[in-house]
1. Only bridges whose two residues both fall in the chain count here: according to DSSP, what percent of them are antiparallel, nearest 5?
2. Quick one: plug the Kirkwood hydrodynamic radius of the chain (C-alpha pairs) into Stokes-Einstein at 20 °C, 1.002 mPa s, and report D in µm²/s.
3. Once you have the Cα-Cα distance between W85 and D104, take 0.36 nm times their residue separation minus that, and quote the gain in nm to one decimal.
4. Collect residues whose amide H, placed 1.01 Å from N in the peptide plane, falls under 5 Å from the amide H of V177; neighbours closer than 5 in sequence don't count.
5. Once every DSSP H run of n ≥ 4 in the chain is given -39500 (n - 2.57) and the sum is divided by its residues, what mean residue ellipticity at 222 nm do you get, rounded to the nearest 500 deg cm²/dmol?
6. For segment 69-127, what D do you get in µm² per second when you plug the Kirkwood radius from alpha-carbon pairs into Stokes-Einstein at 37 °C and 0.692 mPa s?
7. Using 0.36 nm per residue of separation minus the Cα-Cα distance, give me the extension gain between E155 and A77 in nm, one decimal.
8. Please report the net charge: other residues with Cβ closer than 13 Å to the Cβ of V177, K and R +1, D and E -1.
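Bear in mind these aren't lab numbers, they're just calculated from the coordinates by the rules spelled out. Fair warning: this is a prediction, and the values are worked out from it, not measured in the lab. Every residue, glycine among them, receives a Cβ derived from its backbone with ideal geometry; neighbour counts consider all protein chains shown.
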Amino acid sequence: MGDYRVYYYATLLEGCYGETLAALRPAPAVQEEAGDEEGLMPLGEISADWRNRRVAVRASFPEGRPFLDVEAADTRALLRGELGWLLDLVRQDDIDVSAIRSRDRRLTRWISQWVWSARWANSYPDYAGICFRSRHNSDWECWAVFEEVVFDEEERRSVLRQDAALGRVANLYDLNVF
């Protein structure tokens, strides 16, 4: 596979928080067994340091290069033709939405590699990256953007505890963000 980097964005700030905070949710089995340990933050509490180490950036992509939307049926049909050979390898029956949103990232890594490589083929557009929906919430549209794609930073702001989008995600995930 090629050597390249991808940066992740979401259309809505709520999607950014949702994707980032999902990994910090305590597993249900752990939550049931957990007790308060002296000197440690209780499960489900996120320190203010988490917010202080992050900034929210609104960006646009002026180049106008297309993004491959892996949620679109015609895209998945194209990928099935191009990458159908690897379905047995990644233990999937089809390149469908459930496979794309699976925790098993092998298929999506192959798709990313194919999109990155296909940019230099005459028969495919010069893709800026991939558009997909979050596996945590179908309303969260996300973007995997190849590192060399030019973007305009339109706004930069601190992640504040009173941010409404942060509050909605914290409530959804049963987290307390300080």
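1. 75 percent
2. On the way: Rh = 18.3 Å.
Estimated via Stokes-Einstein, D reaches 117 µm²/s.
3. My answer for the length gained is 5.1 nm.
4. For V177, the qualifying residues are I46.
5. Numbers: 7 runs with 58 residues, N = 178.
Calculated mean residue ellipticity at 222 nm is -9000 deg cm²/dmol.
6. Answer from the Stokes-Einstein relation: 281 µm²/s.
7. Working: separation 78, 0.36 × 78 = 28.08 nm, distance 3.71 nm.
Contour length minus the Cα-Cα distance gives 24.4 nm.
8. Counting the neighbours of V177, the net charge comes to +2.
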